[in-house]
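The values are calculated or read from the model by the stated rules, or taken from the named source; none is laboratory data. The structure presented is a predicted model; accordingly, all values stated were derived computationally and were not measured. Cβ: placed from backbone, ideal geometry, glycine included. Neighbour counts: every protein chain shown. Accessible surface is based on the protein model in full, side chains and every heavy atom, while ligands, DNA and RNA are left aside. Shrake-Rupley method; radii C 1.70, N 1.55, O 1.52, S 1.80 Å.
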Amino acid sequence: MKLVLASQNPGKLKELKILLGHLPIELALAPKDFDPEETGDTYLANAEIKAREAARMTGELSVSDDSGIEVEALGWGPGVRSARYCEGSDLDRRHKMLLEMENVPDEKRNARYVCALVLADKDKVIYSTEAYWQGKLIREELGEHGFGYDPIFMPNDCTMTSAQITPEEKNQKSHRAKAFNELAQFLSSKYKSESRI
Ligand code: IMP
């Protein structure tokens, strides 16, 4: 069975190969000219736009994820706008968030990563799920791994930030890992029972 990852990002493909590696699935990235506009108001809507477009372009089963960070004290924002929270780099966005959170007390610093995932063929959505990684925003940057908001996010199930834990540990605990593990279970039970893989 072939599965197209609706993305141009080889790092994401590598991650997916680890998460779905135990299944007999041939994974590939979307074609070079894949560039749909993410106009949805929700993670699921954006993931659906990308998965359907990749399926339309390739004729193959396609999967897409869309993610972001939600902070209670920021009205559960920036959410779907996490990558566009402000102009500039990930570092600029972390600085802006730390500044906006400066006067927020420890007990009000709840945050969570969210990952929505959609599996589609060219006609319809076959499966979708949403997964969370709960934690808190700390007051300084700690750690060198990861990307985005990782140096300021302390998951509840860790004693270090998501940029301090190893990529392997993040791949076991993260919102994305949970969503893709759910997909792996779905694919495994659905397609095994239909003898398609
Ligand atoms: P996308 O799913 O690639 O569109 O990610 C949206 C944005 O959410 C990223 O650019 C990051 O700012 C943030 N984000 C999502 N997942 C993570 C994560 O695991 N660590 C840090 N930031 C993340």
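The table below gives the values:
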{"read-out": "Residue check, Leu3 surrounded by 16 or more Cβ atoms within 10 Å (Cβ to Cβ) and more than 15 Å from the ligand (Cβ to nearest atom)", "value": "yes"}
{"read-out": "Residue match in region 85-96 (condition: at pLDDT 95 or above, among the aromatic types (Phe, Trp, Tyr) and open to solvent by 30 Å² or more (accessible area, probe 1.4 Å))", "value": "no"}
{"read-out": "Pairs, first farther than 18 Å from Ala179 by Cβ in region 8-30, second β-branched (Val, Ile, Thr) and more than 14 Å from the ligand (Cβ to nearest atom), C-beta under 6 Å, six or more apart", "value": "Pro24/Ile197; Ala28/Val4; Ala30/Val4"}
{"read-out": "First in region 139-154 and more than 12 Å from the ligand (Cβ to nearest atom), second anywhere and not in a loop (DSSP other than H, G, I, E, B), Cβ under 7 Å, 6 or more apart", "value": "Arg139/Leu98; Glu141/Arg94; Glu141/Pro151; Glu141/Ile152; Leu142/Pro151; Met154/Gly135; Met154/Lys136"}
{"read-out": "Cross-chain or 6+ apart pairs with Cβ under 6 Å, region 57-81 first and among the polar types (S, T, N, Q), then assigned to a helix (DSSP H, G or I)", "value": "Ser62/Ala51; Ser62/Ala54; Ser62/Ala55; Ser64/Ala47; Ser64/Lys50; Ser64/Ala51"}
{"read-out": "Some residue of region 160-175 being of a type outside the set (Val, Ile, Thr), away from the ligand (no atom under 16 Å from the Cβ), outside any strand (DSSP E or B) and surrounded by fewer than 19 Cβ atoms within 10 Å (Cβ to Cβ)", "value": "no"}
{"read-out": "Conditions (1) within 16 Å of the ligand (Cβ to nearest atom); (2) open to solvent by 50 Å² or more (accessible area, probe 1.4 Å); number of the one not met by Gly79", "value": "(2)"}
